[in-house]
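The values are calculated or read from the model by the stated rules, or taken from the named source; none is laboratory data. What you are looking at is a predicted structure, and each value in this text was computed from that prediction instead of being measured. For neighbour counting, all protein chains shown are included, and Cβ atoms are generated from backbone atoms with ideal geometry for every residue, glycine included. Protein only, heavy atoms only, side chains kept; ligands, DNA and RNA dropped before computing areas. Shrake-Rupley method; radii C 1.70, N 1.55, O 1.52, S 1.80 Å.
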Amino acid sequence: MGSRKKAKPSRSRKKAKPSPDQAVALDYVRAWAHPAASAPPPGPSAADAAGDDFLPHQAARMASGGGGSVLFELHSHSNHSDGFLSPSELVERAHRNGVKVLALTDHDTMAGIPEAVSAAHRFGMRIIPGVEISALYSPREIAGTGEHVHILAYYGMCGPSRFDDLERMLSNIREGRYLRARNMLAKLDRLKVPIKWEHVTKIAGEGVAPGRLHIARAMVETGHIENIRQAFNKYIGDDGPAYATGSEPFAETVVQLINRTGGISALAHPWALKNPDAVIRALKGAGLNALEVYRSDGKVDGFSELAEKYDLLKIGGSDFHGRGGKDESDIGTVKLAITTLCSFLKMARPIWCSAMKDILLKFAEEPSTTNLGKMVMFGELINFNGFSSTGSGMDIVNLCLSSWLSNNGMEEVELEEVRLKLAHSVGKR
């Protein structure tokens with residue numbers, strides 16, 4: 001298991017006509033990826049005009065006809081974790097490469113999502129708010145033992161339904177990264193590879209929890225090793241002499257929290273695991289939805305079969321960091337089949353809609369400015385500074401409802417329930 005299965009080069013020939021299933025899937029995916037292109041022409045109402053500040057202005061143009069695919073990128077990193085590009089630069093590069101839907105999945109933080117959403121707005125792209133969560137798989141759940149895994153979480157445009165719960169876990173992981181990095185530097189020092197803490201934090205950037213890639217870059221810059229791969233192979237890989245653990249939660253707990261906060265969970269790069277079958281089996285029991293199977297050099301032998309064995313959706317992404325070099329795949333190089341994307345959205349959209357409803361009902365119970373800010377955290381909306389949580393706040397809620405409805409298809413009966421509760425709550429104040 002783990003050998004690469006590369007596609008054989010084929011002679012130039014006419015593209016095959018899409019099957020009926022592919023055609024239906026393409027319509028479904030396009031309708032979600034470019035709602036303005038597939039929706040009826042908007043009327044001249046004020047609500048519609050305001051809605052233009054939430055939806056991509058260029059969506060209709062960007063949904064240009066032709067082709068039998070819509071390019072999704074489901075695994076990417078910015079400089080809010082260990083990537084080299086800012087969220088805006090990442091979005092621009094993805095756009096140049098033809099990506100229409102981008103999941104920003106920084107390690108243990110969602111801080112880059114608002115900037116990515118704002119940048120994507122200019123290109124008629126969609127952002128899937130995501131995060132790659134560091135976790136520990138331990139069969140007996142004994143701290144400090146087991147295997148380190150990464151779990152991807154994908155959320156709808158309104159983000160996690162219980163953001164505070166998710167952020168509490170992510171914050172704890174980030175705090176553990178600081179201690180872990182210091183421990184790794186101490187081990188490197190004992191190995192006669194001195195690295196200054198200030199050097200690592202400067203590379204990481206202000207407010208970014210340092211990771212192994214930041215330490216590897218410092219090792220390269222100080223001349224201790226030739227490249228990042230050598231740093232991992234010789235010193236800071238999982239079995240390396242300078243490796244140290246952080247404060248990662250157990251993997252099953254992570255999957256359960258993603259489910260509880262309205263996300264889709266996927267196990268990232270399972271080919272890096274020592275015992276993938278056991279990990280996948282345990283995480284499936286906790287509610288895992290998907291498994292990375294595809295990467296830019298094809299699919300990895302054995303993992304498609306594992307996905308089928310445990311009834312997991314097969315997905316993939318480039319895991320783009322922007323460090324350059326011939327050993328890194330560019331963003332958008334994993335082209336998932338349109339039927340795979342359709343399956344992903346059909347699984348995700350009801351979950352995302354449920355999260356949307358939870359967020360709105362929570363605001364109805366406590367219509368504060370703080371909760372209003374959380375509600376629009378991951379969507380580009382008109383500036384709501386100065387709006388009260390009572391009168392004008394209701395206007396923003398209605399705008400969110402109309403925008404989220406057009407993008408996620410929430411049932412009208414559920415919308416009406418939310419509106420009534422909001423109206424009742426606001427009316428009491």
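Observations
- Amide H contacts of GLY83 (H built 1.01 Å from N, in plane; Pro and chain starts excluded): SER78 sit under 5 Å, all sequence-distant by 5 or more or on other chains.
- Applying 0.36 nm per residue to the separation of GLU417 and ALA278 and subtracting their alpha-carbon distance, the gain on full extension is 45.7 nm.
- A cut-off under 9 angstrom between Cβ atoms defines the neighbours of LYS374, and their net charge, with Lys, Arg +1 and Asp, Glu -1, is 0.
- Within the accessible area of the stretch 286-377, the carbon and sulfur atoms contribute 48%, probe 1.4 Å, all protein chains present.
- Whole-Å distance, taken between Cα centres, linking the stretch 160-205 and the stretch 218-245: 15 Å
- Length released on extending from ASP164 to LYS234, taking residue separation times 0.36 nm less the Cα-Cα span: 21.3 nm
- Cβ-defined net charge surrounding SER247, 14 Å radius [Lys, Arg +1; Asp, Glu -1]: +2
- In terms of the mean number of neighbouring beta-carbon atoms within 10 Å, the peptides 184-195, 334-345 order highest first as 334-345, 184-195.
- In this label model, ASP27 and LEU179 are separated by 5.6 nm, measuring between points 7 Å along each Cα→Cβ vector.
- When each of the peptides 74-81, 159-166, 269-276 is scored by the mean number of other C-beta atoms lying within 10 Å of its residues, the order from highest to lowest reads 74-81, 159-166, 269-276.
- Phi-derived couplings, Karplus 6.51 cos²θ - 1.76 cosθ + 1.60 at θ = phi - 60°, listed residue by residue for the stretch 105-121: 10, 4, 6, 6, 7, 10, 5, x, 4, x, 5, 5, 4, 4, 5, 4, 4 Hz, with x used for Gly and Pro.
- The distance between label points at THR370 and ARG190 comes to 4.4 nm (points 7 Å beyond Cα on the Cα→Cβ vector).
- Where TYR235, TYR178 fall by accessible area, highest first, once all protein chains stay in place (1.4 Å): TYR178, TYR235
- Cut-off under 5 Å, modelled amide H: who pairs with TYR137 long-range: GLU147, HIS148, VAL149, ALA251
- Accessible area of GLU147 in the full protein assembly, 1.4 Å probe (Å², nearest 10): 30 Å²
- The stretch 79-223, dipole about Cα centre (Lys/Arg Cβ +1, Asp/Glu Cβ -1), debye to the nearest 20: 360 debye
- Of HIS148, ALA216, PRO160, farthest towards positive along the dipole that unit charges on Lys, Arg, Asp, Glu beta carbons give the stretch 144-231: ALA216
- Seen from ARG180, the other residues with C-beta closer than 11 Å to its C-beta sum to a net charge of +3, counting Lys and Arg as +1 and Asp and Glu as -1.
- Distance between the modelled labels on ASP311 and LYS326, one decimal in nanometres: 4.6 nm (7 Å Cα→Cβ projection).
- Listed residues GLY298, TRP352, GLY325: farthest to the positive end of the dipole of the stretch 290-367 (Cβ charges): TRP352
- The magnitude of the dipole of the stretch 173-235, with charges of +1 and -1 set on the Cβ of Lys/Arg and Asp/Glu and taken from the Cα centre, is near 240 debye.
- With 32 Å as the limit on Cα-Cα distance, the pairs of LYS192/LYS274; LYS234/LYS326; LYS346/LYS421; LYS346/LYS374; LYS196/LYS299 that go past it are LYS196/LYS299.
- If the chain linking SER304 and ASN227 were pulled fully straight, counting 0.36 nm for each residue of separation and taking away their Cα-Cα distance, it would gain 24.5 nm.
- Using θ = phi - 60° and Karplus 6.51 cos²θ - 1.76 cosθ + 1.60, couplings along the stretch 162-172 (whole Hz; Gly, Pro as x): 10, 4, 4, 5, 5, 5, 4, 5, 5, 4, 5
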